[in-house]
Structures are given as structure tokens and as C-alpha cells.
Amino acid sequence: MNTNELPTTSPTDLPLFRVWPALRERLPYVRLGQLPTPLEKLETAGLELGLDRLYIKRDDLSGEVYGGNKVRKLEFLLGDALRKRSKEVLTMGFAGSNHATATAIYANRLGLKCISMLMPQTNAHYLRSNLLAGRSAHAELCLYANMLTIVGGIYWKMLRGLLRHGALPKYIPGGGSSPLGIVGYVNAALELKAQIDAGLMPPPDLIYVPMGSMGTAAGLAIGLRAAGLGSRVVAVRVIGKIHANESKLLALIRKTASYIRRNDTAFPHFDFSQNDFTVRHEFYGDGYAHFTEEGAAAARLMRDKTGIPMNGSYSAKAFAAIMADAARGDLKDKTVLFWNTFNSRDLTPLIQNADYHTLPRAFHRYFKTDVQPLDSIS
Ligand SMILES: *Cc1c(COP(=O)(O)O)cnc(C)c1O
């Protein structure tokens, strides 16, 4: 695809840019998604859990071909790549990374080549579709044994970019959670405020979201304050505690808020503390991308009541937290918003002709061995 096919909607319709126009002037941005995403009441699922006011923010529909929470970040990150006239973008993640997949798809739409530096993870159906989708979006997919070899690989790809194009590939951190990428989620909270003002839901007491590279939770926490909403972010940790925890989330919130203020001094200064959000650790299970029984039950409930697909590594663990809290009675009389971060667009058109044999050999194992037992799609 080429740039002529991109939606031409003016960026002026981002609520963040309407309130702080200097950010529109300063920050790189390219429209990729379909915003605002729908906000809906989960009537029957709420009934099942004994919640009168359970809502869902449909970021699974954030893009026309591929949704999920990476699209909002990529609007800024790939905007930056365009501004810098990069030819390539380089990012990293685990083998099934939704972030690497989204980057591959949207970079390709902008005529940029995506290099995905990936590490091994537990096998899952979504991992297979993501690899094939990345392949059909012409991404260069590389599998490295661990962090050490990936760092070596990054140096090599950087050097190669310099030799080939006279420029380094644009580096996009794992999960897209640099301050610039996180601005997409600051805007998302302002988008929610506009939907509340329009009467789509009452102001939520609690907003549940999975927490991996922490950008979604960090951006929402900042944006909610900026929007004047008292809602509390409940960040359900889905990766190892050394990578995501209360102090790291607070540091990322502060870093991102000062980044925004550096770009627009009209953006208010807020004091953030660890009391401003909740991090939940007990839904993580045995490791990153290891599905849990509670997550599987959450995915079943969502499928049966709404048809919306859950992801065992992320969104299912966050919804499992809502189910557990509801069962304990902690959510009585509360207005609860589930922020759905996993893509729900059908990838079939993208991958139906893709053959895993065209992937580098190192990836074939994911197609030749079983997925983990809890990953049933029946
Ligand atoms: C990346 C991802 C997350 C985690 O978001 P972060 O901003 O990295 O914390 C949650 N859910 C899904 C489906 C994801 O792909």
C-alpha cells in the first residue's frame, strides 16, 4: 500500500490537540486509527457478575485492519519516523508481540520497512497469526535467544541501516512505551471524558487495564488527571515484576508528564504519587504469556456474552481481575470500565495466503509444536 490510501482526517480532531494546540504544532503525528473508539455497556456480562454499571472501551477497534492499544501509540511514533524521513523502523518484543505486529502493519502502510527483533515465548494461537501478519506486511522478523543477543542484533541492524540508507533505523521501544508513544493514551483519557460528557457512561470509579510496558496505564493516569476525572487506574500486571511495578509506573508517569510540559508549558503540572493508581500482581500466573485458569474463564465469559475475543497474555488477565473483585463484593455500587487493549479485527484477510515456511526457520517451531493447553479457541 502507499501513502495515498491513508485516511486524510485532519489531526485537529484529537481532543488533546484541541485543549493544548501547542502540542499539535510540536508533536509528530500521523492518523492511523479510527478514533474515537466505541464506549459500550456490558449489559449481560455485568448482570452475570452482579455489576449494574460495567462498561467497555473498545480499543480493540482502534484501527480498520488491526486494532488494539498499540495503534494510539504508533500514531505518534510513526509520525516521528515520517518527520525524520526514516526508511526503516526497528522494534523489539516477544515472538507473539502485538506491538511488533501493529508496527509492521502500519509501518508498511506508510511505506516504511519494519525490523522486528523478537525473543522466544510460550506458544499460542495469536502468536502464529501475529507472525504471519508481520510476514505479510513485509516485516523482517528475527528471533534471538535472549536480551544479550538481541542487543548485539540491534547494533548490527543499526549499522546495516547506516550502510544501506545513510541513516539509522528509527528505534521504537518495546510496547511503544516512550513518552511520545504514551501521549496517545493521554489523549485516550480525554477522548473518554468527551464520551462521558456526551452521556455515554457515568464517570467510572475504576478503570481496569492490563500492564505490560506500562504505557497504557501511565498515559491514562496522566490523561484522567488532565481531564479532571477522578477515576482510578487499576493496572493488572502481565509481565515480570522487575519490568513493571508501582515505582516503575510512577517514574514513567512523571517522565511522560514532564515530556508533555516541555512541549507545552500550558499543560498543567500534577504531583503524582503511588496512591494515584493501583497495581495488581495476583493475576500474572506462572510467567509472561502463560495463560491462567482465571484468564481462560474471563475469555469464555466475554466470548459467550459479547463475542469479543480476549488475549490470554493480556486482556483476559485484566478482565479476570474484574471478575475476582466483583465476586468478592469489592465492586458493589461501583462504575467499572474495562479498557479492552487486544485487537478484535479479523486477521484472516491478511494471513490466509501466508505460509509459515516463508518465515525464518527459527520461527517454525511455533507452528510445529502445540499451543499451551489453556489456549483453546473452541
Ligand atoms: C501491549 C499490550 C498490552 C500492554 O500495554 P502496555 O502499554 O505495554 O502496558 C495490553 N494488552 C494487549 C493486548 C497488548 O498487546
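The values are calculated or read from the model by the stated rules, or taken from the named source; none is laboratory data. Values in this document were obtained by computation on a predicted structure and should not be read as measured data. Glycine gets a Cβ as well: all are built from the backbone with ideal geometry, and neighbour counts include every protein chain shown. Areas reflect the complete protein model, heavy atoms only, side chains present, ligands, DNA and RNA absent. Shrake-Rupley method; radii C 1.70, N 1.55, O 1.52, S 1.80 Å.
For LYS255, give me every one of the lysines with a C-alpha distance below 24 angstrom, ignoring sequence neighbours fewer than eight places off in its own chain.
LYS70, LYS73, LYS84, LYS170, LYS193, LYS241
Two decimals, Cα atoms only, Kirkwood Rh: what is Rg/Rh over region 158-215?
Over the Cα atoms of region 158-215, Rg/Rh equals 1.25.
Under a Cβ-only charge scheme (Lys and Arg +1, Asp and Glu -1), can you give me the dipole magnitude of the chain about the Cα centre, in debye to the nearest 20?
Roughly 1380 debye, rounded to the nearest 20.
Amide H neighbours of TYR55 under 5 Å, counting only residues 5+ apart in sequence or on other chains, H built in-plane at 1.01 Å?
Those qualifying (amide H under 5 Å, at least 5 residues apart or on another chain) are LEU42, VAL336, LEU337, PHE338.
If the convex hull of the alpha-carbon atoms of region 53-202 is projected onto planes in all directions, what is the mean projected area in square nanometres?
In nm², the orientation-averaged hull projection of region 53-202 is 10.2.
Can you find, among GLY50, ILE182, ALA326, the residue farthest towards the positive end of the dipole of the chain? Put +1 on the C-beta of Lys and Arg, -1 on that of Asp and Glu.
Ranked along the dipole, the leading option is ILE182.
Taking amide H atoms as placed 1.01 Å from N in the peptide plane, list the residues 5 or more away in sequence, or in a different chain, whose amide H sits under 5 Å from that of VAL89.
LYS113, CYS114, ILE115, LYS170
So what's Rg/Rh here for region 132-172, counting alpha carbon atoms and using the Kirkwood radius for Rh?
Dividing the radius of gyration by the Kirkwood radius yields 1.02.
Please report, largest first and rounded to whole Å, the three semi-axes of the ellipsoid equivalent to region 119-231, where each semi-axis is the square root of five times an eigenvalue of the C-alpha gyration tensor.
36, 18, 13
Local charge sum around ALA235 (other residues, Cβ-Cβ under 13 Å, Lys/Arg +1, Asp/Glu -1)?
Its environment carries a net charge of +3.
Within 10 Å, count the other beta carbons around each residue, average over each peptide in 324-335, 302-313, and list them highest first.
Output ranking for 324-335, 302-313: 302-313, 324-335.
Points 7 angstrom from Cα along the Cβ direction at LEU374 and HIS281: gap in nanometres?
Placing both labels 7 Å along Cα→Cβ, they lie 1.8 nm apart.
³J(HN,Hα) across region 290-301 via Karplus (A = 6.51, B = -1.76, C = 1.60, θ = phi - 60°), whole Hz, x for Gly/Pro?
Whole-Hz 3J(HN,Hα) from phi for region 290-301: 8, 5, 10, 4, 4, x, 5, 5, 5, 5, 5, 4.
For region 149-225, what is the accessible area per residue in Å² when the probe is 1.4 Å?
So region 149-225 comes to 33 Å² accessible per residue, rounded to a whole number.
Amide H neighbours of ARG345 under 5 Å, at least 5 residues apart or on other chains, H built in the peptide plane: list them.
Excluding prolines and chain starts, which carry no amide H, the hits are GLY67.
P(r) tail for region 254-378, what percent of Cα pairs lie past 20 Å?
Counting every Cα pair in region 254-378, those more than 20 Å apart make up 63 percent.
Convex hull over the Cα atoms of the chain, averaged projected area in nm²?
Projected over every direction and averaged, the Cα hull of the chain covers 17.8 nm².
For the chain, with all protein chains present and a 1.4 Å probe, just round the carbon and sulfur fraction of the accessible area to a whole percent.
53 percent
At q = 0.15 Å⁻¹, work out log10 I(q)/I(0) for region 73-158 with the Debye formula, treating every Cα as an identical point scatterer and leaving solvent out; two decimals please.
Values, matching the q order: -0.51.
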